[in-house]
Amino acid sequence: MTDDLNKNDNAMNPGLFVSFEGIDGAGKSSHIEALAQAFRDAGRRVTLTREPGGTPLAEKLRALLLHEGMDALTEALLAFAGRRDHLRCVIEPALARGEVVLCDRFTDATFAYQGPGAALICGCFRISNNWCRRA
C-alpha cells in the first residue's frame, strides 16, 4: 500500500476519486469492495456510488434510461443530467470532506454506451460532460 493509503487523518488527506469501468460481470463490484475495505482499514472514510444513479434524482433517471425507449440524444442528455446531480450532491461534497469516492462506472462508460448509439461526435459529449462539472 502507498503511504497516502496508510495515513489515518481524513483532514490531512485530500479527497480521492476512483472510477471502475468494465462490462457487466467483469468483477467491478468485487474490486470496489476490496479497495473500499483497504481504505477503511487505513482509516479513510469511503463513499461508494454508481452511475448512472447515485442520488434519488439520478436513480429515477437511471430507471428511465434502462426501461424506456428514447432516441440516442435524449438518452445522452439524461445521462449527463444524472451526472450533474451526482457530482453536486454526492461526489464533490465527499471529496471536499477528504473522503475516498469509489464509483461503479463514470465518464468512460458514458462514452462507451451512449457514444456509439448516439452517432454523435465526441466533441458534443465532451461539451456536455464539461457542463456537468461546472460549479
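The values are calculated or read from the model by the stated rules, or taken from the named source; none is laboratory data. Being a predicted model, the structure only gives us computed values, none of them experimental. Ideal geometry is used to build each Cβ from the backbone, glycine not excepted, and the neighbour counts take in all protein chains shown.
Given the conditions (1) under 13 Å from the mean Cα position of the chain (by Cα); (2) within 17 Å of Leu48 (Cα to Cα); (3) not charged (D, E, K, R), which single one is not true for Ala96?
Of (1) under 13 Å from the mean Cα position of the chain (by Cα); (2) within 17 Å of Leu48 (Cα to Cα); (3) not charged (D, E, K, R), only one is false for Ala96: (1).
So Arg84 fits all but one of (1) touching a helix residue (DSSP H, G or I) at 6+ places or on another chain (Cβ under 9 Å); (2) under 30 Å from Ala42 (Cβ atoms); (3) modelled with pLDDT under 95; what number is the exception?
All conditions are met except number (2).
Could you tell me whether the range 58-81 includes any residue that is within 30 Å of Pro14 (Cα to Cα) and in contact with a strand residue (DSSP E or B) (Cβ under 8 Å, 6 or more places away or on another chain)?
So far as the range 58-81 goes, no, none of its residues is within 30 Å of Pro14 (Cα to Cα) and in contact with a strand residue (DSSP E or B) (Cβ under 8 Å, 6 or more places away or on another chain).
List pairs: first in the range 23-47 and of a type in the set (Gly, Ala, Ser), second part of a helix (DSSP H, G or I), Cβ under 9 Å, 6+ apart or cross-chain?
Ala38/Leu5; Ala42/Asp4; Ala42/Leu5; Ala42/Asn6; Gly43/Asn6; Gly43/Asn10
Determine, yes or no, whether Val101 is touching a Phe, Trp or Tyr at 6+ places or on another chain (Cβ under 8 Å) and closer than 30 Å to Ala42 by Cα.
Yes; evaluated as a whole, the condition is true for this residue.
Quick one: in the range 42-72, of everything that is under 19 Å from the mean Cα position of the chain (by Cα) and over 30 Å from Arg97 (Cα atoms), which residue is surrounded by the fewest Cβ atoms within 10 Å (Cβ to Cβ)?
Here the residue is Leu66.
With the structure loaded, tell me whether Arg44 is in a loop (DSSP other than H, G, I, E, B), within 25 Å of Asn13 (Cα to Cα) and at pLDDT 95 or above or whether it fails that test.
Yes: the conditions hold for Arg44.
Which residue, of Ala72, Ala34, is at pLDDT below 95 and either out of contact with any Cys (no Cβ under 9 Å at 6 or more places or on another chain) or among the aliphatic types (A, V, I, L, M) (or both)?
Just one listed residue meets the conditions, Ala72.
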